[in-house]
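The values are calculated or read from the model by the stated rules, or taken from the named source; none is laboratory data. Predicted, not measured: the structure shown is a model, and the values here were computed from it. Cβ placement follows ideal geometry from the backbone for every residue including glycine, while neighbour counts extend to all protein chains displayed. We work out accessible area using only protein heavy atoms, side chains counted, and drop any ligands, DNA or RNA first. Shrake-Rupley method; radii C 1.70, N 1.55, O 1.52, S 1.80 Å.
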Amino acid sequence: MKKQILVMAMALMLSFGAMAQGKLQFKAFDGTITGGVKFAMNLPHFWGGSLPHGFRNGGQVGLFAEYRFNKPELSKWSIALELVFSSQGGKFKVSQAVAKVMGEKFEFQGMAAALDKELVITSNYINIPIMVKYRLSPFFSVEAGPQVGFNVYNKIKIDGVDGNLDLDRVSHTVDLGLGAGATYYLTDYVMFHVRYNMDFLNSYKYIDDKNGNIQIGASYRF
């Protein structure tokens, strides 16, 4: 199922990219639709539940289509639909995880070196955010909206240890959340953005942790 979702999403992205060879702009429903590409650095982590909330480095890349209203009274509003591949997860030490689960602080002895190893969880998603944007000025807008994500990959790795542990059997396929952020328009075609996404469904079975993610990136409008 997860492989099918990934293949379908990649096909859609390739089709969208083929459309963008010309000027991607046309009229529809008394408004204008434009599109482009976006990429961002991710700082994902977990929130809630029993896992520590350490950040790992990730990234995302994808496509967006934005509908802008032509009516003067709605000209500052737009709706953006995105399709992105996003690498998320979290990073923390074994000792932090044990202490968090046990609900106590321990002074580890003997096994300190092993417990000081870092755990890196990598969770890759195909995310579909729908952002409602409001233009505060010609150069700045704010945005917020829902996001649905489809999990396609889950691994956990211990620093210094070869191999990964597959987490697909204990991960949930679908995630739902909300995002909010802001965009700075360098030009009509080049934009810089920052956003925070907070998901509300548990990332894995048996624990109550959810995905959180800080995005810092750029977009190019065709």
statement: Env charge @ W77, Cβ radius under 12 Å, K,R +1 / D,E -1, value +2
- request: Provide the net charge surrounding G179, with neighbours chosen by a C-beta distance below 11 Å and charges set as Lys +1, Arg +1, Asp -1, Glu -1.
  value: -2
Surrounding net charge for D30, when Lys and Arg each add one and Asp and Glu each subtract one, Cβ distance under 14 Å: +2
message: If the only charges are +1 at each Lys and Arg Cβ and -1 at each Asp and Glu Cβ, what is the size of the charge dipole of region 117-200 around the Cα centre, to the nearest 20 debye?
response: 200
message: Can you give me the solvent accessible area of S87 with a 1.4 Å probe, rounded to the nearest 10 Å²?
response: 20
